[in-house]
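Here the structure comes first, spelled out in structure tokens, and everything after it is commentary.
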Amino acid sequence: MDSSAAAGFDPGVVTRFAPSPTGELHLGNARTALFNYLLARRAGGRFLLRIEDTDAQRSQESHLAAVLEDLRWLRLDWNAGPDREDGRGPYRQSQRGALYAGFSEALERQEAVYPCFCTPLELEAARRAQLGSGRPPRYTGTCRALSQEQRRGKREQGLSATMRFRVPTGKRIEFVDLVHGPQSFLSDDIGDFVIRRADGTAAFFFSNAIDDAEMGVTHVLRGEDHLANTPRQLLILEALGLRQPRYGHVSLILGADGAPLSKRHGATSVREYRDSGYRAEALVNHLFRLGHSSGEHGLLDLEAMAQAFDPAHLGRASAHFDAQQLRAWQKEAVHRLPMDEARAWLAASLPAGLGESATDAFVAAVLPNVVLPEDARPWERIIFGPPPALEPEGESIVRKAGNGFFAAAAQAAATSGSDLAAIASAVRAATGKKGAELYMPLRLALTGRGHGPELAPLLKAMPAGQAQLRLARFA
Ligand code: GLU
């Protein structure tokens, strides 16, 4: 199957996102989740969520809960996962120890793995020696050929053992990466690697590969940092006679300066963007374009993204996260918000106890001019607070318009309520002013500012009597 076929309709496609719950959901991981979600949706297949929590020390329940919440917020719904078991789980690696032990024993019986008694200190010394003589560090094979008797002896001394995979010699491991194309590795370049730690828990290479096979995963899109792991995982699956998924290794996300995206670039987790009011649609639209090219422009929903997603269009070059681009998507997402969602989104910037129609009038007035909820706060003060003071420049424009201008405006406001057209035509009739000469003094007197959201809806959002009061100040 070539990579473009991987994007076509095929309900047999199963993808997964496999986070380790050791911290907040990073943008890079969110993009990995998105791509796997889209690949499954595009094919009409299934998207799984598997939690890789074998590192008991670093994995925390609170992180797990946060990851699920963030994925839900992004609307990357999974067909099966730790909260939605389907008989092919459990979907938490910490609950799959017996399965890994069984496969490890199967490998032991066929002598595809062997116990290794080398201590971390010995391994480190060997590593340094290799690096010192300019060789790539890999396991030297000390325990590879121990006899049963030697192994027993070591165990009797109380030494604990890891289990190492016996990498076959002189073998070429080849696969076609969905992003990087044909890959070829020499087994002799791969040292025998640990599949089971000394404490009996499964190592990443092992549990990750077993789970993909056992859960029926057909396509794995994951970070490029895992590319070198793939030949090892293929060897494990081959030794066990398990099905190998197709792998695609996605380039890393870099900051604007070309360094891998990290804290020093500012917010890097989904949670941080969410907390500051970014919309999931905006974030997902930016992530969709990071390293994936498509002819689709404009804000897409997940369904449209799935139709446009093709692993063959995943680039090999690193993608740059661009805060300005994200802001542009955010603007678009905000402008499209239906009223009920906009109201909820701006909730923290609304005055307490505001009635429903007043809330809607305020939201309708400011929404076109805000990117984040905090942008609405100054307008909340302007509209619901005391009549705003003017800067000297604004003050002089207002004075120049004259008392008659504002007497006519205030009177029209008193009779028409908050109708800008009525106020403007009364002033026009009284003074003959039009255009900016008409509207700028009105805007300044009403809002204290020379720019901002459209004036007519702002007026509608003002509490009754406010417009007249503000205009009458200059009459
Ligand atoms: N838990 C691994 C990670 O978060 C998963 C790698 C994979 O997707 O295979 O990096």
Q: Could you tell me whether Gly353 is small (Gly, Ala, Ser), open to solvent by less than 50 Å² (accessible area, probe 1.4 Å) and part of a loop (DSSP other than H, G, I, E, B)?
A: no
(Q) Condition first: of a type outside the set (Ser, Thr, Tyr), part of a helix (DSSP H, G or I), open to solvent by less than 20 Å² (accessible area, probe 1.4 Å) and touching a strand residue (DSSP E or B) at 6+ places or on another chain (Cβ under 6 Å). Can you find one or more residues in segment 271-282 that meet it? (A) no
(Q) So if I check each of Ala18, Ala33, Ala98, which one is of a type in the set (Gly, Ala, Ser), open to solvent by less than 60 Å² (accessible area, probe 1.4 Å) and either away from the ligand (no atom under 13 Å from the Cβ) or out of contact with any Lys or Arg (no Cβ under 8 Å at 6 or more places or on another chain) (or both)? (A) Ala33
Q: Would you mind telling me which numbered condition in (1) within 16 Å of the ligand (Cβ to nearest atom); (2) modelled with pLDDT of 95 or more; (3) exposed (fewer than 15 other Cβ atoms within 10 Å of the Cβ) Leu68 fails?
A: (3)
Q | Residue satisfying condition, being more than 13 Å from the ligand (Cβ to nearest atom), open to solvent by less than 20 Å² (accessible area, probe 1.4 Å), farther than 26 Å from Ala98 by Cα and out of contact with any Asp or Glu (no Cβ under 6 Å at 6 or more places or on another chain), within set Leu261, Leu235 | A | Leu261
Q. Can you name the residue in segment 158-213 that is touching a helix residue (DSSP H, G or I) at 6+ places or on another chain (Cβ under 7 Å) and among the aromatic types (Phe, Trp, Tyr) and is also nearest to the ligand (Cβ to nearest atom) among such residues?
A. Phe205
Q.
I'd like the full set of residues that are aliphatic (A, V, I, L, M) and either under 30 Å from His219 (Cα atoms) or surrounded by 14 or more Cβ atoms within 10 Å (Cβ to Cβ) (or both), limited to segment 139-187.
A. Leu146, Leu159, Ala161, Met163, Val167, Ile173, Val176, Leu178, Val179, Leu186
Q: Looking at (1) within 13 Å of the ligand (Cβ to nearest atom); (2) under 30 Å from Ala333 (Cβ atoms), find the lone condition where Leu254 falls short.
A: (1)
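Do the conditions hold for Ala475, that is, is it within 24 Å of Asn369 (Cα to Cα) and either open to solvent by less than 30 Å² (accessible area, probe 1.4 Å) or in a loop (DSSP other than H, G, I, E, B) (or both)?
Values: within 24 Å of Asn369 (Cα to Cα): no; either open to solvent by less than 30 Å² (accessible area, probe 1.4 Å) or in a loop (DSSP other than H, G, I, E, B) (or both): yes.
Here the answer is no, as Ala475 does not meet what is asked.
When residues of segment 186-233 are filtered for being outside any loop (DSSP other than H, G, I, E, B) and aliphatic (A, V, I, L, M), how many remain? If you could, list the steps in order and put the result at the bottom.
Initial filter on segment 186-233 (outside any loop (DSSP other than H, G, I, E, B)): 186-189, 194-196, 202, 204-214, 219-233.
Of the ones still in play, those that are also aliphatic (A, V, I, L, M) are 186, 194-195, 202, 209-210, 213, 220-221, 227-228.
Count: 11.
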Q) For the subset of segment 259-280 comprising residues that are aliphatic (A, V, I, L, M) and touching a residue at least 40 places away in the same chain (Cβ under 8 Å), which member is farthest from Ala33 (Cα to Cα)? A) Leu261
Q. Can you name the residue in segment 440-470 that is touching a Lys or Arg at 6+ places or on another chain (Cβ under 9 Å) and free of Cβ contacts under 8 Å to residues at least 40 places away in the same chain and, of all such residues, is most open to solvent (accessible area, probe 1.4 Å)?
A. His451
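The values are calculated or read from the model by the stated rules, or taken from the named source; none is laboratory data. A quick note: this is a predicted structure, and the numbers were derived from the prediction, not measured. Positions of Cβ are backbone-derived with ideal geometry, glycine not excepted, and every protein chain shown enters the neighbour counts. Protein only, heavy atoms only, side chains kept; ligands, DNA and RNA dropped before computing areas. Shrake-Rupley method; radii C 1.70, N 1.55, O 1.52, S 1.80 Å.
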